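For reference, the structure discussed in these notes is given below.
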Amino acid sequence: MYKILPFLLIILTFGFTASAQQPEPPAPIGLADFYLAKDDGKGKAGEQVFGFSTSDVPIYCVVQLDSLEPATVKMNLIVVSVPGVKSGTKVVSTSYTTKENENRVNFSGRPVGQWLAGRYRAEIYIGSTLAVTREFAVQSTVSPKPAAEGVNAPRPEAKPKAVRRPRGT
């Protein structure tokens with residue numbers, strides 16, 4: 001038995017050395033920043049905003065990752081509370097896989113036509129992990145109708161004139 005002990009110690013020593021040399025798995029990629037934006041007028045994401053109007057098409061979701069390693073980022077725009085639309089309905093769902101040394105993703109979402117007024121939620125996934133959710137409102141854009149030039153405001157209706165009845169004959 002004492003003859004086997006040195007061999008076991010050698011095997012255990014090599015086993016611990018081999019396990020210590022294995023590379024650690026990479027740290028999960030996380031979210032450094034996220035915001036919603038309107039179009040800047042040049043077809044790109046503008047500054048951060050917290051609400052939109054029905055005519056703000058598209059809506060941008062800007063995602064900044066904390067790593068330059070490739071990652072798959074997914075965006076869902078989901079109905080929270082919109083009259084006539086079932087809560088939880090996905091309006092837009094898209095994903096993008098970053099390349100080496102790329103850590104920013106600009107998503108844009110657009111409905112067919114204009115947005116319906118109500119509340120929506122943006123969900124951002126990194127890989128299969130939900131990284132952030134943010135609710136936002138879309139309000140209707142009702143602008144007052146301008147008065148036509150040269151048209152006067154309507155006058156109040158005139159009181160009807162009394163009608164004379166013929167006197168009895």
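Kindly evaluate residue 133 against the criterion of being in a strand (DSSP E or B), at pLDDT 75 or above, closer than 18 Å to residue 57 by Cβ and under 34 Å from the mean Cα position of the chain (by Cα). In short, no.
This table checks each residue for (1) touching a residue at least 60 places away in the same chain (Cβ under 8 Å); (2) open to solvent by less than 20 Å² (accessible area, probe 1.4 Å); (3) over 22 Å from residue 141 (Cβ atoms); (4) part of a loop (DSSP other than H, G, I, E, B).
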{"residue": "57", "(1), (2), (3), (4)": "no, no, no, yes"}
{"residue": "63", "(1), (2), (3), (4)": "yes, yes, yes, no"}
{"residue": "70", "(1), (2), (3), (4)": "no, no, yes, yes"}
{"residue": "77", "(1), (2), (3), (4)": "no, yes, no, no"}
{"residue": "80", "(1), (2), (3), (4)": "no, no, no, no"}
{"residue": "93", "(1), (2), (3), (4)": "no, no, yes, no"}
{"residue": "105", "(1), (2), (3), (4)": "no, yes, yes, no"}
{"residue": "108", "(1), (2), (3), (4)": "yes, no, no, no"}
{"residue": "122", "(1), (2), (3), (4)": "yes, yes, no, no"}
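Among the conditions (1) in contact with a Gly (Cβ under 9 Å, 6 or more places away or on another chain); (2) closer than 15 Å to residue 31 by Cβ, residue 96 misses just one, which is (1).
The single condition among (1) at pLDDT 90 or above; (2) outside any strand (DSSP E or B); (3) closer than 22 Å to residue 46 by Cβ that residue 113 does not satisfy is (1). Within the stretch 34-55, being under 19 Å from residue 118 (Cβ atoms), surrounded by 16 or more Cβ atoms within 10 Å (Cβ to Cβ) and of a type outside the set (Phe, Trp, Tyr) holds for 36, 38, 53, 54.
The values are calculated or read from the model by the stated rules, or taken from the named source; none is laboratory data. Keep in mind the model is a prediction, meaning the values are calculated, not measured. Heads up, the Cβs are rebuilt from the backbone with ideal geometry, glycines too, and the neighbour counts pull from every protein chain shown. Remember, those area values only see protein heavy atoms, side chains included, never the ligands or the DNA or RNA. Shrake-Rupley method; radii C 1.70, N 1.55, O 1.52, S 1.80 Å.
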